[in-house]
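For reference, the structure discussed in these notes is given below.
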Amino acid sequence: YPRTESTAYPSSFDFRGTLSALANNPVWGDYVERLLAEGYAKPRSGTDAGDHPPITPMRSATEDMLGKDAWRLYSYVCQHFLGTVSPDCKYIR
């Protein structure tokens, strides 16, 4: 089954290319464009189990292309990836 224990990306990982593949997505494409224009944060840490990089989206898709259940999983993978390269959250208490 598709699984990885790794939570660290290799130093050669193409973050810009992966983000560019998601830039035309109708749901989060605008956010991805901002990350590409204003800068994205490379993840600071993680564990490399030696198997392969963390599960990462490879291209843009829509719910119409995937269907409801597959879309939910794909959306989770994309949002998790975007969270790993987004600036730290700041809030006012």
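The values are calculated or read from the model by the stated rules, or taken from the named source; none is laboratory data. Bear in mind that the values here come from a model prediction, so they are computed numbers and not experimental data. Every residue, glycine as well, gets a Cβ built from its backbone with ideal geometry; the counts of neighbours run over all protein chains shown. Remember, those area values only see protein heavy atoms, side chains included, never the ligands or the DNA or RNA. Shrake-Rupley method; radii C 1.70, N 1.55, O 1.52, S 1.80 Å.
Keeping the other protein chains in place, figure out the carbon and sulfur percent of the accessible area of the chain, with a 1.4 Å probe.
Details: 3560 of 6850 Å².
Of all accessible area on the chain, carbon and sulfur atoms account for 52 percent.
Could you report the chain's accessible area per residue, 1.4 Å probe, as an integer in Å²? Don't skip to the end; give the middle numbers.
Values: 6850 Å² over 93 residues.
Heavy-atom accessible area per residue stands at 74 Å².
State, as an integer percentage, the relative contact order of the chain based on alpha-carbon contacts under 8 Å between residues 6 or more apart. Walk me through the numbers before you get to the answer.
Values: 92 pairs, mean separation 34.6, N = 93.
Relative contact order comes out at 37 percent.
What size of dipole, in debye to the nearest 20, comes out for the chain about its Cα centre when the only charges are +1 on Lys and Arg C-beta atoms and -1 on Asp and Glu C-beta atoms? Write down the numbers at each step before the final one.
Details: 10 positive and 11 negative charges, 51 e Å.
With Lys and Arg at +1 and Asp and Glu at -1, about 240 debye.
Is region 5-93 rounded, prolate or oblate when judged by the Cα gyration tensor, a ≥ b ≥ c being the square roots of its eigenvalues, rounded requiring a/c under 1.5 and prolate requiring a/b larger than b/c?
On the way: a/c = 1.55, a/b = 1.14, b/c = 1.37.
Oblate shape, in that a/c is at least 1.5 and b/c is the bigger or equal ratio.
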